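Below is one structure; the comments refer to it alone.
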Amino acid sequence: MGKLFHTIRDISQATSLLAEKPYGVIVAQQGALDCIQIRPFPKLISVTEALWIGGYSHKRIKRNRVQVYYNQPTRHPNYLVAKYAVSELGTTLATMRAAFKTFMEIARIKQADAVLCQVISRRITDRVMQYWGFERHNRESRGRHYIRRFYGNYPVYTNWLETSVTDGTLPISNG
């Protein structure tokens, strides 16, 4: 039986593992990817937990760090879901961008048709989500649900740590 938990520091050396394993945590800090932690089970989260833990860490922990938990639902394996993100008081846009681009790269490796998320924080506006390529989804349900569809057209990165040719965002530092 293989290891249940894995830590990946170089995506190019672990594409088959990333393609195979459905659950993980992206850890970015200081404007760059730190690691991807592969988990044997999905992240289960409640709105109460998100508001309480997210509020605490964002107001009291002064690090430039973000963790993004992602799941590939077993009933919908063509989708990748950003289940939960925890940022801290000192988290910069460059660090958020590093986590975002890593999430997009994992979606490309898995050949996902789309990525989805639910946004709880009011600090993340519809305009920001549109800028990052997401559109509102599932308006009938409670919450702010977003989707970014690919269907084979993934952002093109000459080097995924650098500027995206198609989305025009700034480079991520190599840390």
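Hey, any hits in the range 111-130 for a residue that's under 13 Å from the mean Cα position of the chain (by Cα), polar (S, T, N, Q) and modelled with pLDDT of 90 or more?
No.
Say whether the condition of being part of a helix (DSSP H, G or I), among the aromatic types (Phe, Trp, Tyr) and within 15 Å of the chain's Cα centre (by Cα) is met by at least one residue in the range 79-101.
yes
Return yes when Ile106 is closer than 21 Å to Ala32 by Cα and in contact (Cβ under 8 Å) with a residue 60 or more places away in the chain and no when it is not.
In short, yes.
The values are calculated or read from the model by the stated rules, or taken from the named source; none is laboratory data. Owing to the predicted nature of the structure, the values given are computational and were not obtained by experimental measurement. Ideal geometry is used to build each Cβ from the backbone, glycine not excepted, and the neighbour counts take in all protein chains shown.
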